[in-house]
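Encoded as C-alpha cells, the structure appears first; notes follow it.
The values are calculated or read from the model by the stated rules, or taken from the named source; none is laboratory data. Worth saying up front: this structure is predicted, and the values here are computed from it rather than measured. Every residue, glycine as well, gets a Cβ built from its backbone with ideal geometry; the counts of neighbours run over all protein chains shown. We work out accessible area using only protein heavy atoms, side chains counted, and drop any ligands, DNA or RNA first. Shrake-Rupley method; radii C 1.70, N 1.55, O 1.52, S 1.80 Å.
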Amino acid sequence: MKKYVCTVCGFVYDEATGHPETGVAPGTIWKDVPKDWVCPICGVPKKDFKEIKSNS
C-alpha cells in the first residue's frame with residue numbers, strides 16, 4: 001500500500017488506513033479515492049497530493 005502527502009500542509013493519506021472520517025474506507029487505493037475528495041486539514045484538491053516514494 002502507498003502513501004500520499006499533501007503538498008500544502010503535509011497531511012499524509014495512507015491507503016492502508018484510508019480516511020473514514022471523510023468517507024474513505026481503509027484499504028482504498030489512491031486512484032479509487034473520489035475525484036472531489038479534498039485534504040481534511042487544508043482543503044486542497046486531490047491533485048495537490050504527491051506519492052511518497054519508499055526507499056525499498
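Quick one: length gained pulling LYS2 to ASN55 fully straight, 0.36 nm per residue minus the C-alpha distance? Provide the component values of the computation, followed by the final result.
Values: separation 53, 0.36 × 53 = 19.08 nm, distance 1.22 nm.
Value of the extension gain: 17.9 nm.
What's the tally of Lys pairs in the chain whose alpha-carbon atoms lie under 16 angstrom apart, where the two lysines are 8 or more places apart or on different chains?
16
Determine the shape class of the chain: with a ≥ b ≥ c the square roots of the Cα gyration tensor eigenvalues, call it rounded for a/c under 1.5, and otherwise prolate if a/b is greater than b/c, oblate otherwise. List each step's numbers first, then the result.
Values: a/c = 1.69, a/b = 1.10, b/c = 1.54.
In terms of gyration-tensor shape, oblate.
How many Å² of accessible area per residue for the chain, probe 1.4 Å? Present the calculation step by step, with values, prior to reporting the outcome.
Numbers: 3740 Å² over 56 residues.
Per-residue accessible area for the chain comes out at 67 Å².
With +1 on each Lys and Arg Cβ and -1 on each Asp and Glu Cβ, how big is the dipole of the chain about its Cα centre, in debye rounded to the nearest 20?
Working: 8 positive and 7 negative charges, 48 e Å.
Here the chain has a charge dipole of around 240 debye.
Quick check: at a probe of 1.4 Å, how many percent of the accessible area of the chain sits on carbon and sulfur atoms?
Values: 2060 of 3740 Å².
Carbon and sulfur atoms account for 55 percent of the accessible area of the chain.
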